[in-house]
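A.B. asks: First, the structure itself, so that you have it in front of you.
The values are calculated or read from the model by the stated rules, or taken from the named source; none is laboratory data. Everything numeric here is computed off the predicted structure, so don't read it as measured data. Methodologically, a virtual Cβ is constructed for each residue, glycine included, from the backbone with ideal geometry; neighbour enumeration extends over all protein chains shown.
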Amino acid sequence: MQSLRIMWRITLLNFRAQLEYRTEFLLMVAIGAIWQVSVIVFATVLLARFTGMGGWDSSEVLLIPATRMLAHALFVLFLGRVHGAGRQIQEGRIDTYLLRPMPVHRQLQLAFFPTNAIGDLTVAVGLMIGALSRSELDWTPGRIGYLIAAVIGGLFLEAALFTALASASLRFPAADYWSYWLEELLGTFGSYPLNVLPRAVGGFLTYGLPLAFVAYFPVAVLTGHGHDTGAPYWLAAASPLLGVLAYLGARWLWRWSLRHYSGING
Amino acid sequence: MAVLHAWRAARVTPLGELHTPPRMTAVLLRLTVQIVLVASLWHGLYADTGTTAGLDRDQAVTYAVLAVLASRMRELDQYAGRDTVLQHMHFGTIVYWYLRPLPPQRYHALRALGEKLYGFAWALAGYTVCLTAGVVEPPKSAATAGVFVLSLLLGQLVLYYVLLVLDQMCFWTVRNNAAMLILIFAQNLLSGVYAPLWFFPGWFVTLSAFLPFQATLNVPLSLYIGRIPLSDAGLQLAVQAAWVVALHLFTRFLWRRAALRVMSQGG
C-alpha cells in the first residue's frame, strides 16, 4: 500500500513536470494521437483499395487495429518506459536506480509521465467504439470478456517484447535500435489479417516474432476465423494467456540481466 | 587540406557503423526482413485485384520495396554517438560546433553527406539483390533510369533540408521531441513511406503536391515505376529543384539566426 502511494505521488509529480512546457505537452498529446491515426490511415487505405482482405469483411478487419491500438495505448500508459530504456541505460541512470531503495524496473517506469499516452488512448478508444458499432457480431458477455482479456493480453505481450529488448539493452545499449523497428512492425503488420501473407511469412510473424498473438489471433477467434489462421485453434484462443506468460518470462529475463549488469565502472 | 577535413567529418558515422559489426548485422537483418514482409504484403493484397489506383502488382511491389531501401539513406542512428543537434543542445555541447575551424553548417552537411553515401551503399546493394532476385522491376528505359537518378538526388537534397530544419528547431525550443516526431511522421506519410501516395484519396494527393515531402520519395519512385510518365518528368524535376532552392535559402537564414542564440560560458 505504501509503495502504491509512493508510485501515485511520483506519477503526479511527473505529470506536473510534463506541464512545465505547455506547448511540448500539447504536442506530445498530439503525437500520440497522430501516431495512432497513421495506423488507421494505413489500414483504411488498404481496406478501401483491397476489399475482402484475406476473406474478412472490413468491419471484422477494423477490430484488429482497434484491439491492437487499445492494447498499445494501455501499454504506453502503464509499462511503456521499457521502450527506449536503452537511452536511460546509456546515460547511466540505471547506476543511480541501483542505489535507491526501490526496484529498478519500477524506477524505470516512473522516470517520466507518458504524455503521448493521452493521445494514444483517446484515438484507440474512439476507434474501438467505431469498430464495435460497425461490428455485426453478437456481443455476448463471453465475447466482451474475451475482448477485454485480448486487450490485456496484447498489452502484456507488447510489454514482454519491449522488456526483452530492454534486458538486452542492459548489456548492449545499442539494442534499443531494435525497439523502434519493433514498434514500426507492430503498427504496420499487426493491424490486418496475416493470412494475406505467404504461409512462411505468417509463420514468422507467429512463431518468430509473435505479432499475430497481439490482436490478429484473438480477433480471428472472436469473428469466427480462428480455424483459418494457419495456427492451431487452441493456440490462437490462448493468446491473452500467452501474453501474460510472455510478460512473466520477460520480467524474469530482466531480473537475470540486471544481476549481470555492470555499469561504466564495472 | 579542406578535402582532408571534409573526408574526416564525412566518414564519422560510416566509420562508427563499420566498427560495430552487431549494428551492421542488425541493419542487414532488418532490411532483409522488411523487404520480404513488404513484398509479401503487396503480393498478398494484389492476389485478387488487378490494377488499382493506376498501379499494377509489380509496380506496387517495386514502389514499396524501393521505399524500404531508400529509407536506409535516412535512418542512421546518430543518437548512439551523441551527435544529434538535440543532444548537443541538451548537454550544452553545441558550443563546440562554433569553436572549431569548420563552420557548423558545413560540418552538419558533411556528416549528412557521409551518412547518405553510406546508406546509399546499403540501398544499392539491396537494390542489386532485389533486381537479381526479381523482387523489383528494372526501369522501363535508360531515359527512365536517368531521370530517376536525377530525381532521387534532388529528393535526397530536399530530405536533407527538411531534416535540417528539424535540427535547427532545436536552437529555439528547449524541448522539441514531439515537434520532431510530428514532422517525421508527416514526412513518412506524405512521401509515401507508409503506402504509395497513389492509394490515398484525390484530395490527399493534391494536398501533398503543395508540400515538400512528396518530392523526397514519391516523385522519384513514381518516375521509376512509370506512374509519372516521362513527359511529366521535367515539371516534377523543376518542382523538386524549386524546393531545394527554397529550403536552402530558408535553412541558411536559420543558421545565421541560430548562431546568435548560442552562448559560450554563460555569454
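A.B. asks: Among the residues of segment A:17-40, write down those that are closer than 15 Å to A:PHE113 by Cβ and either more than 8 Å from every other protein chain (Cβ to nearest Cβ) or modelled with pLDDT of 80 or more (or both).
C.D. replies: A:ALA17, A:GLN18, A:LEU19, A:GLU20, A:TYR21, A:ARG22, A:PHE25, A:LEU26, A:LEU27, A:MET28, A:VAL29, A:GLY32
A.B. asks: Here's something else I'd like to know. Regarding B:ALA39, is this residue surrounded by 14 or more Cβ atoms within 10 Å (Cβ to Cβ), under 23 Å from the mean Cα position of the chain (by Cα), more than 10 Å from chain A (Cβ to nearest Cβ) and among the aliphatic types (A, V, I, L, M)?
C.D. replies: No; evaluated as a whole, the condition is false for this residue.
A.B. asks: Quick one: in segment A:204-261, which of the residues that are free of Cβ contacts under 8 Å to residues at least 40 places away in the same chain and aromatic (Phe, Trp, Tyr) is surrounded by the fewest Cβ atoms within 10 Å (Cβ to Cβ)?
C.D. replies: The selected residue is A:TRP234.
A.B. asks: Restricting to segment B:209-222, count the residues that are crowded, with 18+ Cβ neighbours inside 10 Å and out of contact with any Phe, Trp or Tyr (no Cβ under 8 Å at 6 or more places or on another chain).
C.D. replies: Residues in segment B:209-222 being crowded, with 18+ Cβ neighbours inside 10 Å and out of contact with any Phe, Trp or Tyr (no Cβ under 8 Å at 6 or more places or on another chain): 6 in total.
A.B. asks: With the structure loaded, tell me whether A:GLY119 is more than 14 Å from every other protein chain (Cβ to nearest Cβ), under 22 Å from A:GLU24 (Cα atoms) and not hydrophobic (A, V, I, L, M, F, W, C) or whether it fails that test.
C.D. replies: no
A.B. asks: Further, regarding this structure: Step by step: first the residues of segment B:196-216, then only those that are in contact (Cβ under 8 Å) with a residue 40 or more places away in the chain and within 20 Å of B:LEU41 (Cα to Cα), then the one that is nearest to the other protein chains (Cβ to nearest Cβ). Which residue is that?
C.D. replies: Taking the candidates together, the pick is B:PHE199.
A.B. asks: Of B:ALA2, B:ALA80, which residue is more than 22 Å from B:TRP198 (Cβ to Cβ), facing chain A (nearest Cβ under 8 Å) and modelled with pLDDT under 80?
C.D. replies: After applying the criteria, what remains is B:ALA80.
A.B. asks: Against the definition (facing another protein chain (nearest Cβ under 10 Å) and part of a helix (DSSP H, G or I)), how does A:SER3 come out, yes or no?
C.D. replies: no
A.B. asks: Of the residues that make up segment A:34-51, is at least one in contact with a strand residue (DSSP E or B) (Cβ under 6 Å, 6 or more places away or on another chain) and either among the polar types (S, T, N, Q) or assigned to a helix (DSSP H, G or I) (or both)?
C.D. replies: Yes.
A quick yes/no check of all residues on (1) more than 27 Å from A:VAL41 (Cα to Cα); (2) buried (at least 21 other Cβ atoms within 10 Å of the Cβ); (3) not small (Gly, Ala, Ser):
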{"site": "B:VAL136", "(1), (2), (3)": "no, yes, yes"}
{"site": "B:ALA143", "(1), (2), (3)": "yes, no, no"}
{"site": "B:LEU152", "(1), (2), (3)": "no, yes, yes"}
{"site": "B:LEU166", "(1), (2), (3)": "no, no, yes"}
{"site": "B:TRP203", "(1), (2), (3)": "no, no, yes"}
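A.B. asks: For segment B:86-105, check the following and say yes or no: at least one residue is of a type in the set (S, T, N, Q), at pLDDT below 85 and part of a loop (DSSP other than H, G, I, E, B).
C.D. replies: no
A.B. asks: Quick check on segment A:99-112. Is at least one of its residues of a type in the set (Val, Ile, Thr) and either within 14 Å of chain B (Cβ to nearest Cβ) or buried (at least 22 other Cβ atoms within 10 Å of the Cβ) (or both)?
C.D. replies: No; the residues of segment A:99-112 include none that is of a type in the set (Val, Ile, Thr) and either within 14 Å of chain B (Cβ to nearest Cβ) or buried (at least 22 other Cβ atoms within 10 Å of the Cβ) (or both).
A.B. asks: Quick test of your reading of the structure: B:LEU29 fulfils all but one of (1) in contact with a helix residue (DSSP H, G or I) (Cβ under 8 Å, 6 or more places away or on another chain); (2) closer than 30 Å to B:ARG111 by Cα; (3) in a helix (DSSP H, G or I). Name the failing condition by number.
C.D. replies: (1)
A.B. asks: Right, something else. If A:LEU79 satisfies all but one of (1) within 13 Å of chain B (Cβ to nearest Cβ); (2) within 30 Å of B:ALA179 (Cβ to Cβ); (3) part of a helix (DSSP H, G or I), what's the number of the condition it fails?
C.D. replies: So A:LEU79 meets the others, but not (1).
A.B. asks: Do you know which of the residues in segment A:82-95 that are among the hydrophobic types (A, V, I, L, M, F, W, C) and more than 13 Å from chain B (Cβ to nearest Cβ) is surrounded by the most Cβ atoms within 10 Å (Cβ to Cβ)?
C.D. replies: Restricting to residues being among the hydrophobic types (A, V, I, L, M, F, W, C) and more than 13 Å from chain B (Cβ to nearest Cβ), the top hit is A:ALA85.
A.B. asks: Hey, among B:VAL33, B:VAL95, which residue is out of contact with any Pro (no Cβ under 7 Å at 6 or more places or on another chain) and over 24 Å from B:THR251 (Cβ atoms)?
C.D. replies: Going through B:VAL33, B:VAL95 in turn, just one is out of contact with any Pro (no Cβ under 7 Å at 6 or more places or on another chain) and over 24 Å from B:THR251 (Cβ atoms): B:VAL33.
A.B. asks: Please go through segment B:151-173 and give me each residue that is touching a residue at least 12 places away in the same chain (Cβ under 8 Å) and within 14 Å of chain A (Cβ to nearest Cβ), ordered by number.
C.D. replies: Once the filter is applied, which keeps residues that are touching a residue at least 12 places away in the same chain (Cβ under 8 Å) and within 14 Å of chain A (Cβ to nearest Cβ), segment B:151-173 yields B:LEU166, B:CYS170, B:TRP172.
A.B. asks: While we're here: Somewhere in segment A:120-131, is a residue surrounded by 18 or more Cβ atoms within 10 Å (Cβ to Cβ) and in contact with a Ser or Thr (Cβ under 8 Å, 6 or more places away or on another chain)?
C.D. replies: yes
A.B. asks: If only one of A:ALA166, A:ALA175, A:ALA159 is under 17 Å from A:SER262 (Cα atoms), of a type in the set (Gly, Ala, Ser) and either in contact with a Cys (Cβ under 7 Å, 6 or more places away or on another chain) or more than 12 Å from every other protein chain (Cβ to nearest Cβ) (or both), which one is it?
C.D. replies: A:ALA166
A.B. asks: Is it true that A:ALA48 is within 14 Å of another protein chain (Cβ to nearest Cβ), among the hydrophobic types (A, V, I, L, M, F, W, C) and crowded, with 19+ Cβ neighbours inside 10 Å?
C.D. replies: no
A.B. asks: While we're looking at this one, here's another question. Any residue in segment B:44-65 that is under 18 Å from B:ALA125 (Cβ atoms) and within 11 Å of chain A (Cβ to nearest Cβ)?
C.D. replies: Within segment B:44-65, not a single residue is under 18 Å from B:ALA125 (Cβ atoms) and within 11 Å of chain A (Cβ to nearest Cβ).
A.B. asks: What are the residues in segment B:13-26 that are in a helix (DSSP H, G or I) and at the interface with another protein chain (Cβ under 8 Å from one of its Cβ atoms), if any?
C.D. replies: Passing the criteria: B:PRO22, B:ARG23, B:ALA26.
A.B. asks: Oh, and also: For residues in segment B:1-49 being without any contact (Cβ under 8 Å) to a residue 40 or more places away in the chain and basic (Lys, Arg), which is nearest to B:ALA70 (Cα to Cα)?
C.D. replies: B:ARG30
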